[in-house]
Amino acid sequence: MPTRKTGYGSATAPPPPAKATKTNVPSKTTSSKPAPPMTVPARSPTSQATTAPILRAKEYLNPPPFTYAPEIAVPARKSDQHVVKWLWKAGRAYLTFYKTGISHVRQTSQLAKTLREKAAKTPDKDTSEILTRAEWQIVRRSRKDALRLPAFGVLVLLLGEWLPLVVLYITPLIPEACRIPQQVQRSITKLEDKRQDRLRRVSLDAMRLMSKDRRPVGAMNMDMPSFQNDAKPVPWSEMKNMQWKDMTLFELMLFAAQHDCYPRVFDWLHATPPKWLLQRNVRKTLAYLKRDDELVERDGGWSALGKEEVERACVERGIAVVGKREDELRKALAVQVRGGKF
């Protein structure tokens with residue numbers, strides 16, 4: 001390798017090649033650490049918190065399923081099936097229905113007895129203050145069915161599979177949990193026809209009723225609607241504010257016609273029931289419906305009522321239910337009770 005001259009003219013050997021210098025700094029090692037596990041956020045309890053009050057409200061408002069009539073499945077007649085054989089199978093289906101219904105009545109009666117004992121522990125309070133709306137209705141309804149059960153049991157033993165042929169004509173003797181759907185619809189239809197006939201008769205006889213019993217001087221005047229031959233029921237939201245002591249004979253007849261507060265014998269005789277009878281029955285009906293309204297509002301509201309309870313509430317408040325769907329009944333009940341809002 002040729003020498004390189006410096007500035008003073010002397011030749012010097014080239015410097016040796018530089019050695020690779022090793023440092024004591026350790027080399028960085030890339031260690032593969034496992035990635036942290038992905039955490040899934042816990043489900044918000046908002047949905048559970050909102051559904052719990054709804055379920056609780058339905059439980060407080062609606063009686064258990066065994067307090068209603070069981071479902072019935074009558075076999076359809078085949079084309080090549082003899083009529084006697086089909087009647088026998090249909091009768092067996094009805095007999096199973098009645099046995100299940102009797103079991104429901106007994107269960108309801110036992111539950112009502114337990115609820116009465118529960119309410120009796122605090123005698124200084126009213127039963128409705130201790131029990132829920134569903135329990136209060138169970139106690140009230142079980143009394144009538146318990147009275148009907150012995151006679152109905154005798155009919156089941158005597159007639160057996162042929163009992164459906166006569167039950168349509170003895171509905172008042174049949175417990176509610178043992179009534180077939182056709183029987184229920186027939187009784188509701190007759191009730192609505194009777195209501196319309198009575199309202200029409202009250203509208204035609206309004207002048208005589210008003211002249212026979214006028215409101216005392218100084219009493220609060222009530223704006224009563226004017227009726228024609230096609231008289232329509234007065235909304236319950238207006239009627240529940242009435243005081244039975246201040247009602248005239250016309251107002252008592254109007255309320256009684258809409259809520260079935262006097263026997264059918266007066267319709268057959270074309271006679272006006274006595275005022276004392278109307279006052280007693282109107283007072284009981286008003287007290288029951290007002291208390292039921294308060295319990296429904298307290299325990300969850302009208303929207304939490306089940307289908308069976310909505311239909312029953314409409315019937316008790318003079319609302320037509322025949323041929324209407326559940327949503328139509330709920331809307332009609334809202335209009336009658338709270339002016340269109342639940």
Tally of residues being within 13 Å of the chain's Cα centre (by Cα), over 16 Å from residue 136 (Cβ atoms) and not charged (D, E, K, R) across region 303-333
6
Region 130-183, subset hydroxyl-bearing (Ser, Thr, Tyr) and either touching a helix residue (DSSP H, G or I) at 6+ places or on another chain (Cβ under 7 Å) or outside any helix (DSSP H, G or I) (or both), residue farthest from residue 90 (Cα to Cα):
132
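Here's the yes/no breakdown for (1) more than 21 Å from the chain's Cα centre (by Cα); (2) assigned to a helix (DSSP H, G or I); (3) of a type outside the set (A, V, I, L, M):
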position	(1), (2), (3)
54	no, yes, no
60	no, yes, yes
79	yes, no, yes
84	yes, yes, no
90	yes, yes, no
If you check every pair at least six apart or on different chains, which have Cβ atoms under 7 Å apart with a residue in region 298-320 that is surrounded by fewer than 17 Cβ atoms within 10 Å (Cβ to Cβ) first and a residue that is hydroxyl-bearing (Ser, Thr, Tyr) second?
308/68
Select, from 186, 133, the only residue that is touching an Asp or Glu at 6+ places or on another chain (Cβ under 6 Å) and closer than 30 Å to residue 235 by Cα.
133
Pairs returned, first residue in region 70-97 that is more than 30 Å from residue 308 (Cα to Cα), second residue that is in a loop (DSSP other than H, G, I, E, B) and among the charged types (D, E, K, R), beta-carbon separation under 6 angstrom, 6 or more apart or interchain, are 86/77
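Here are 315, 321: which of them is within 25 Å of residue 176 (Cβ to Cβ) and in a helix (DSSP H, G or I)? Break it down stepwise before answering.
Numbers: 321 fails: in a helix (DSSP H, G or I).
Checking each option against the conditions leaves just 315.
Quick test for you: out of 18, 73, 90, pick the one residue that is at pLDDT below 90 and not assigned by TED's automatic domain parsing to the domain that holds residue 173. Working first, answer last.
Working: 73 fails: not assigned by TED's automatic domain parsing to the domain that holds residue 173; 90 fails: not assigned by TED's automatic domain parsing to the domain that holds residue 173.
Selected residue: 18, the only one of 18, 73, 90 that is at pLDDT below 90 and not assigned by TED's automatic domain parsing to the domain that holds residue 173.
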Checking 100, 108, 122 in turn, the sole residue that is over 27 Å from the mean Cα position of the chain (by Cα) and either among the polar types (S, T, N, Q) or under 23 Å from residue 56 (Cβ atoms) (or both) turns out to be 122
Against the condition loosely packed, with under 14 Cβ neighbours inside 10 Å and assigned to a helix (DSSP H, G or I), how does residue 123 come out, does it pass?
no
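Within region 191-206, take every residue that is among the hydrophobic types (A, V, I, L, M, F, W, C) and within 16 Å of residue 252 (Cβ to Cβ) and give me the one that is farthest from the chain's Cα centre (by Cα).
Our first condition is that a residue be among the hydrophobic types (A, V, I, L, M, F, W, C); within region 191-206, this holds for 191, 199, 202, 204, 206.
From what is left, the residues that are within 16 Å of residue 252 (Cβ to Cβ) are 199, 202, 206.
On the way: 199: 28, 202: 32, 206: 36 Å.
Only one residue tops the list, namely 206.
Could you tell me which of the residues 279, 258 is surrounded by fewer than 21 Cβ atoms within 10 Å (Cβ to Cβ), part of a helix (DSSP H, G or I) and touching a Leu at 6+ places or on another chain (Cβ under 7 Å)? Before the answer, list the steps.
Numbers: 258 fails: surrounded by fewer than 21 Cβ atoms within 10 Å (Cβ to Cβ).
Only one candidate qualifies: 279.
The values are calculated or read from the model by the stated rules, or taken from the named source; none is laboratory data. Treat the numbers as computed from the prediction; the structure is a model and nothing was measured. All Cβ positions, even for glycine, are placed from backbone atoms using ideal geometry, and neighbour counts span all protein chains on display.
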